[in-house]
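Have a look at the structure below before the remarks.
Just so it is clear, none of the values below were taken in a lab; they were calculated from the coordinates. Not measured: the values here are computed from a predicted model.
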Amino acid sequence: MDNDLQIGEKIRKQRIKANLTQEKLAEYSDLSINFISKLERGQKKNISILKLNAICQALEISIAELLQEENNISLAQLTPSSLQLVHELKKMDGPSCERISQHILLLLDDFKMIYR
C-alpha cells in the first residue's frame, strides 16, 4: 500500500471519527469536495503540507497525530522501566540492539509460559 493511500485512509478514519462529511471537511479546510474525495480514495497522489495542515486543523488534530501509526505506542504510555529499556536499546548499534532484543523476547516468552 503506498503512502498516499495510507494518508487518505487515515484522513477518512479521522473524518468519520470527528463525525464530519466530506462536504463539511472540505468546507472547514477550504478545499474542494473533489479533492477530499480523491485523497481519501487514494486517487490524489500529491498533497502539500499546507493542504494537509488545513485538513488537520479542520479535524482538530496535529499532522503528527494523523501520520502516527495506529500500532505505535506513545512514549507517554510506557512505564519508567520500559522507557529506560527503550532508551538503552536506542543507544546501541544495530546488531547489538537486535541481539539484546531477541534475548529479551525469549525471556518474555519464557515468562509467559511459566505464569499462564
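Reported to the nearest whole Å, the Cα centre-to-centre distance from segment 73-116 to segment 10-34 is 39. All Cα-Cα separations within the chain were binned at 10 Å from zero, giving a P(r) of 12, 32, 19, 20, 15, 2, each value a whole percent of the pairs.
Amide H to amide H, with H built 1.01 Å from N, ILE47 comes under 5 Å of no residue 5 or more places away or on another chain.
Between LEU20, LEU66, LEU85, the Gaussian network model of the chain with springs among Cα atoms under 10 angstrom shows the greatest mean-square fluctuation at LEU85. Subtracting the Cα-Cα distance of LYS90 and LYS17 from their residue separation scaled by 0.36 nm leaves 22.9 nm.
Relative to the longest principal axis of the Cα atoms of the chain, the long axis of helix 3-17 makes an angle of roughly 80 degrees. Of all lysines in the structure, those lying under 27 Å Cα to Cα from LYS112, and not within fewer than 8 positions of it along the same chain, are LYS90.
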